Structures are given as C-alpha cells and as structure tokens.
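**Q** Structure below; questions to follow.
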Amino acid sequence: MLKKHMNNHYLSSSFSTLSTPIISDACLRLGVPMRIAPTGIRPLMPHYRLAGRVLPVRHYGSVDIFLEAMESAEEGDILVIDNQGRRDQGCIGDLTALEARAARLSGLIVWGTHRDTAELIDMQYPVFSYGSCPSGPQQLDQREPDSLIRARFGSFFVTRDDVAFADADGVVFTPLERIEQVLSAAEAIRQTERRQAEDVKAGKTLRKQLRFNEYLEKRARDSAYTFRKHLRDIGGAIEE
C-alpha cells in the first residue's frame, strides 16, 4: 500500500504540471532506473494523462483475469496489461474499461491493442495501447502462477513496486521507492526550463543564457570538456 501522503491522488496531482520527458530527465539525472514503453504505445486521445501505481496483469485470452486483478485494486491504480505486444487481437474493449472505471482505476495501459474504439472515446476513459484491432482473443492459454504479480511490457517487467507515468509522448515506469526524489527533481527541471523558455520569448536567447560562447572557448582548450559538464558548472542543466 502507498504511504498516506504518497497515494495515487498525490502522484496524479504532482504529474499534472509535468510530462514523461521531464520524468525521464529526472530519472537520468538521479541515476534512477527507468523503463520506457516501446515506441508506439500511445493514448487513444492526445490529452489523456495518467500517473499512478501499477496494477499488473497478464492476459491469456479471457477477461476474468482482469476482473480478478481489480479485486485487489486501490483507487487510482493503473491496470497495466501484458498481452505480449500482440497486434492481431484487441484484448480490452468498452466492457473492461467500464469495469475498470467502476473499480476506480485511473486508466489502462496495454502492451497490445484495444477494440471498441468509438465506445472508449465516448467514455473519455484513458487507454494507452498500440492502437486498435477489431478481433478479440481467439485462444485461451494456460495461466502462469505470477500472472497477477508482474507484467512484461516490452523488454522488461513491472510490478506493484512501480509507478507509471503516461501522456502523449509515451509511458515511463519508475520504482515506487524513489518516487519522491524523482518528482522533486522533475519539478526543479520544469521550473528551470520554463524560466529559460520565458527568457527566450523576452529576447534572451538560449545561447546567451547558457553562456554558449564560454563553453566553446573552454572546449577549444580542453576537448574533453562536454556541454553537459558546462551546464552543471553554470547551474543551467537542461539535459543530463
């Protein structure tokens, strides 16, 4: 269970002014392991955003395993579904989404495809996937013992010990145990970048803000002097 002050509402609220690129930058800066969903996992609608604890489940051809996963859900959890990245079947549709909403889950992230697109759009319920496929599952595979403990998503696994952040740029998974540090670093990066953007709009170019001529002079004297080191030296890091 999440700490009282670190519940899913807190995660969602904290992410409201952030983005997955900023979360990714924060993880990189802190050396926190992050896992990025395969390219192509996108929201059904561009404005959908999610942040919450992972509720993992593997799909074997029947909806019952989703219903079982929801039995242990906490409000605001995100159902992360492992369907082996298959694009030849839509493993979730409007009924699963309706049930997830009734279970107070904040959304669905599918390593695979969905169906019932029109109904899902009408629901305005966040779904992330590779896209749509009209066919439902054609097979019923044997269930594995850890099917509600961890879910594969691309080349990695996620568990209840992970947090998912999702928006129009994709999905990033981070360890729950480091989430406070990640959010704090992400907010600092956001503030720095917004300040830099406002200065550019006001006429102070990014090159001037980052003392780019100074960097070029130092690099000419020392070929090992990198731009990232320069940014850290002047406290203007926009990348790590």
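The values are calculated or read from the model by the stated rules, or taken from the named source; none is laboratory data. Model, not experiment: these values are computed from the prediction. A quick note on method: Cβ atoms are made from the backbone with ideal geometry, for glycine too, and the neighbour counts reach across all protein chains shown. Please note that ligands, DNA and RNA were not included when accessible areas were found on the heavy atoms of the full protein model with its side chains. Shrake-Rupley method; radii C 1.70, N 1.55, O 1.52, S 1.80 Å.
**Q** For segment 209-240, which residues satisfy the criterion of being at pLDDT 90 or above, surrounded by 12 or more Cβ atoms within 10 Å (Cβ to Cβ) and part of a loop (DSSP other than H, G, I, E, B)?
**A** Scanning segment 209-240 gives Leu210, Arg211, Tyr225, Thr226.
**Q** Among the residues of segment 50-88, write down those that are among the acidic types (Asp, Glu) and surrounded by 19 or more Cβ atoms within 10 Å (Cβ to Cβ). Please lay out each step first, then the result.
**A** Let us first name the residues in segment 50-88 that are among the acidic types (Asp, Glu), namely 64, 68, 71, 74-75, 77, 82, 88.
Answer for segment 50-88, where residues must be among the acidic types (Asp, Glu) and surrounded by 19 or more Cβ atoms within 10 Å (Cβ to Cβ): Asp77, Asp82.
**Q** Also, I was wondering about something else. Go through segment 94-118 residue by residue and tally those that are in a helix (DSSP H, G or I) and in contact with an Asp or Glu (Cβ under 7 Å, 6 or more places away or on another chain).
**A** So the count comes out to 1.
**Q** Considering only residues that are closer than 16 Å to Asp161 by Cα and at pLDDT below 95, which ones fall in segment 1-41?
**A** Result: Met1, Leu2, Lys3, Lys4, Met6, Asn7, Pro33, Met34.
**Q** I would also like to ask the following. Of Gly40, Gly85, Gly52, which residue is among the small types (Gly, Ala, Ser), within 18 Å of the chain's Cα centre (by Cα), within 20 Å of Phe173 (Cα to Cα) and assigned to a loop (DSSP other than H, G, I, E, B)?
**A** Working: Gly85 fails: assigned to a loop (DSSP other than H, G, I, E, B); Gly52 fails: assigned to a loop (DSSP other than H, G, I, E, B).
So the residue among Gly40, Gly85, Gly52 that is among the small types (Gly, Ala, Ser), within 18 Å of the chain's Cα centre (by Cα), within 20 Å of Phe173 (Cα to Cα) and assigned to a loop (DSSP other than H, G, I, E, B) is Gly40.
**Q** Is it the case that His47 is open to solvent by 50 Å² or more (accessible area, probe 1.4 Å), of a type outside the set (S, T, N, Q) and in a helix (DSSP H, G or I)?
**A** Details: open to solvent by 50 Å² or more (accessible area, probe 1.4 Å): yes; of a type outside the set (S, T, N, Q): yes; in a helix (DSSP H, G or I): no.
No, not satisfied.
**Q** When the residues of segment 87-124 are filtered to those that are touching a strand residue (DSSP E or B) at 6+ places or on another chain (Cβ under 8 Å) and either modelled with pLDDT under 95 or among the β-branched types (Val, Ile, Thr) (or both), which remaining residue is farthest from Ser155 (Cα to Cα)?
**A** The residue in question is Thr117.
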